[in-house]
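See below for the structure under consideration.
The values are calculated or read from the model by the stated rules, or taken from the named source; none is laboratory data. Bear in mind that the values here come from a model prediction, so they are computed numbers and not experimental data. Positions of Cβ are backbone-derived with ideal geometry, glycine not excepted, and every protein chain shown enters the neighbour counts.
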Amino acid sequence: MSLKEKKTYVSKLKIRYSEVDRQNIVYNSHYLTYYDISLSEMLDSLFDQEEYIKETNNEFHTVAAQLNFKNPARLNDEISIYTAIKNIGNSSITFMQEIYRDGSDELINEAEIIWVNTNQDEMKPASIPDDLKNKFGKYILN
C-alpha cells in the first residue's frame, strides 16, 4: 500500500551536505529527523501545539519507531515525506510514513512511529482529548 494513494500530509525537503556520508548517501539517523519534521508540520496544520501543551501540560513522546530502508537518498535529492495516521488509541497515535524521491514512485524509506500523549508532571500516559482526535481524523487511513 502506497501512502501516495491515500489521504496524507506531504512535506518536501532537500538533502543537504551535512546529512550525507562520503558516498553522498544520507546517514540512517537523519530519516527520523525527516519523519519528525513531517509529523510536526502535520500537527501544526491541525492545531496549535504550543497552546495544547500550555493548556493541558501534555506532550507527545515517541515510544517506538520501525524504519525500513528501500533505496538511498543522496545529496541534493528533493524528497517528499508522506504522513498518515494508522490508528488512534486512548493515549497513543500510530503514524505511517513514507519517503519518495520527489516526482517519482521510488520508495526510499518507510516507517511506523508510535507517539504517546504524556502528562509532563506525572510522566504517565494521558488520554487524547476527543476534539484533538477529531482533528486527527483528517489523516486517518481507511
* Structure fact -> The correct count of residues that are closer than 15 Å to residue 39 by Cα, of a type in the set (S, T, N, Q) and without any contact (Cβ under 8 Å) to a residue 60 or more places away in the chain in segment 88-100 is 2
* Asked: Which members of segment 78-110 meet the condition of being touching a helix residue (DSSP H, G or I) at 6+ places or on another chain (Cβ under 8 Å) and within 21 Å of residue 59 (Cα to Cα)?
  -> 83, 84, 85, 88, 93, 95, 96, 97
* To do: Say whether the condition of being under 20 Å from residue 32 (Cβ atoms), without any contact (Cβ under 8 Å) to a residue 40 or more places away in the chain and under 12 Å from the mean Cα position of the chain (by Cα) is met by at least one residue in segment 101-108.
  => no
* Structure fact -> Restricted to segment 112-126 and to residues being exposed (fewer than 15 other Cβ atoms within 10 Å of the Cβ) and touching a residue at least 60 places away in the same chain (Cβ under 8 Å), the residue nearest to residue 64 (Cα to Cα) is 120
* Filtered residue count, segment 85-110, keeping only those that are crowded, with 20+ Cβ neighbours inside 10 Å and not acidic (Asp, Glu) -> 9
* **Selection count, segment 33-53, where residues are in contact with a strand residue (DSSP E or B) (Cβ under 9 Å, 6 or more places away or on another chain), free of Cβ contacts under 8 Å to residues at least 40 places away in the same chain and closer than 16 Å to residue 100 by Cα** => 1
* Structure fact -> When every residue in segment 12-26 that is modelled with pLDDT of 95 or more, of a type outside the set (Lys, Arg) and touching a strand residue (DSSP E or B) at 6+ places or on another chain (Cβ under 9 Å) is compared, the one surrounded by the fewest Cβ atoms within 10 Å (Cβ to Cβ) is 25
* Asked: Among the residues of segment 54-70, is there at least one that is closer than 17 Å to residue 9 by Cα, surrounded by fewer than 14 Cβ atoms within 10 Å (Cβ to Cβ), touching a residue at least 40 places away in the same chain (Cβ under 8 Å) and more than 12 Å from the chain's Cα centre (by Cα)?
  -> no
* Starting from residues that are assigned to a loop (DSSP other than H, G, I, E, B) and among the aliphatic types (A, V, I, L, M), keep the ones in segment 104-133 and report whichever is nearest to residue 40 (Cα to Cα). => 128
